[in-house]
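Working notes for the structure below.
Please treat every number below as a calculation from the coordinates, not as lab data. No experiment lies behind these values; they were computed from the predicted model shown. Here Cβ is always computed from backbone atoms with ideal geometry, including for glycine, and neighbour counts include all displayed protein chains.
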Amino acid sequence: MGILSCLPALPALLLPLTAASQAFPAKPLRVVSNSASGSPGDIALRLVAPRISASVGQPVVVETKAGGGGQIAAQDVLRANPDGYALMYSTNMIVTSKYLLKSVTVDVLRDFAPVSMAARVTNLLAVHNAVPANSLREFIDYARRNPGKVSFSSNGIGSSLHLQWIGFMQASGTDLLHIPYGSGNEGLRNNDFLTGRITATLIPYSSIRPALEARQVKILAVLSDARYRRLPEMPAVSEAIPDYPFTLGFWGFFAPGATPASIVTRLSDEIQKGFRDSDIVTKLEALDTEPKTNTPQEFTAQLKSFEANVIALVKAANLTPQ
């Protein structure tokens, strides 16, 4: 009888939580990003932040804290209250780095609530003109004849570019030399490729177009399972390497793991709405960046699939955390 008499009080106890969810957001939102300033992902975030702000009626403040395999941004957000007011905006490095860097302690699927993917970038596989290859097949043959001599760059160990090159080497039977750069050194990385210090790179069309028109470099393939709309004559890498294991790079939003599901859903809805804005879509497409949003459930499933591919790549390459 005593227990039953308490039951009518339960709805009253839940009222504060319900009211809080309905009132969200009641103050500015803070987005901590590990995407390097000026990168396509950073631009995408800064384009969409004002749209989200206008929709929710609160400022959206972006803070860049790159480096550490995504740990700096992740730890910052995990120290905040799990109330939806602090979000992490991350490259997929937050998933991959724990398998390649000793210092990583964050497990994104354990510690965070995935909110929504944000965008993906289309990369081209390009080589310097000094490379005697005019097709992807010729490049693979050349690399096989010169193991360890053909260099490629990435924006850090554990980054999406690093994993994409690992997949390329495994699927093509090549042994290339990895030259990692810091996540904030895109300019230096690209310049070293254009001057021939680096043999090959994965790079968006918009970043390489001037050098391509000046005939400094050659594009051999699109890193995709389909041809690229801006270069329809260029083959997809899957046409030469059918077994290429795709671990395409992306950016996404994450909330601390204990954030209420209703707030995570609200945030996801707002992010998806922001990236559907036609002006944002047009500006991102000019940067070879594709808006790619989804629900928290869909994003979680994609992250699990992505992580499984990463684990397989790391194991096959016999890589150990450094």
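Relative contact order for the chain: 26 percent, from Cα pairs under 8 Å spaced at least 6 residues apart, divided by residue count. Centroid-to-centroid, using Cα positions, segment 163-224 and segment 261-302 are 28 Å apart. Can you tally the net charge around Ile241? Count Lys and Arg as +1, Asp and Glu as -1, for every other residue whose Cβ sits under 11 Å from the Cβ of Ile241. Net charge around Ile241: -2.
Each peptide in 54-66, 199-211 gets a packing score, the mean of other Cβ atoms within 10 Å over its residues, and the list from highest to lowest is 199-211, 54-66. Dipole orientation for the chain: of the candidates Gly257, Asn155, Leu87, Asn155 has the Cα lying most toward the positive pole (charges on Cβ; Lys, Arg +1; Asp, Glu -1).
Let me know the shape class of segment 124-240, please: from the alpha-carbon gyration tensor, a ≥ b ≥ c as square roots of the eigenvalues, rounded when a/c is under 1.5, otherwise prolate if a/b is greater than b/c, or oblate. Rounded is the answer for segment 124-240, as its axis ratio a/c remains below 1.5. Entry note: segment 10-155 has Rg to Rh equal to 1.14, where both radii use alpha-carbon atoms and Rh is the Kirkwood radius.
Among residues other than Ala54 with Cβ under 12 Å from its Cβ, the summed charge is 0 (Lys and Arg +1, Asp and Glu -1). Contact order for segment 124-240, expressed relative to its length and based on alpha carbon pairs under 8 Å spaced 6+ residues apart, stands at 36 percent.
Working note: Karplus 6.51/-1.76/1.60 with θ = phi - 60° gives segment 82-95 the couplings x, 10, x, 8, 10, 10, 9, 10, 9, 6, 5, 4, 5, 8 Hz, where Gly and Pro are set to x.
What percentages, rounded to whole numbers, describe P(r) for segment 77-146 computed over all alpha carbon pairs with 10 Å bin width beginning at zero? Histogram of Cα-Cα distances, whole percents per bin: 14, 30, 20, 20, 12, 4. The overall shape of segment 243-305 is oblate: from the C-alpha gyration tensor, with semi-axes ordered a ≥ b ≥ c, the ratio a/c is 1.5 or greater and a/b is no larger than b/c. How would the chain be classified by its alpha-carbon gyration tensor: rounded, prolate or oblate, with rounded meaning a/c under 1.5 and the a/b versus b/c comparison settling the rest? The shape class here is prolate. Calculated [222 nm] ellipticity per residue, helices only, for the chain: -13000 deg cm²/dmol; basis is -39500 (n - 2.57) per DSSP H run with n ≥ 4, divided by all residues, nearest 500. About its Cα centre, the dipole of segment 124-240 is roughly 160 debye, where the only charges are +1 on Lys and Arg Cβ and -1 on Asp and Glu Cβ.
Basic side chains Lys and Arg get +1 at the Cβ, acidic Asp and Glu get -1 at the Cβ, and with that the dipole of segment 83-147 about its Cα centre reaches some 260 debye. Positive end of the dipole of the chain (Cβ unit charges, origin at the Cα centre): among Ser207, Asn190, Ala44, the Cα lying farthest that way belongs to Asn190.
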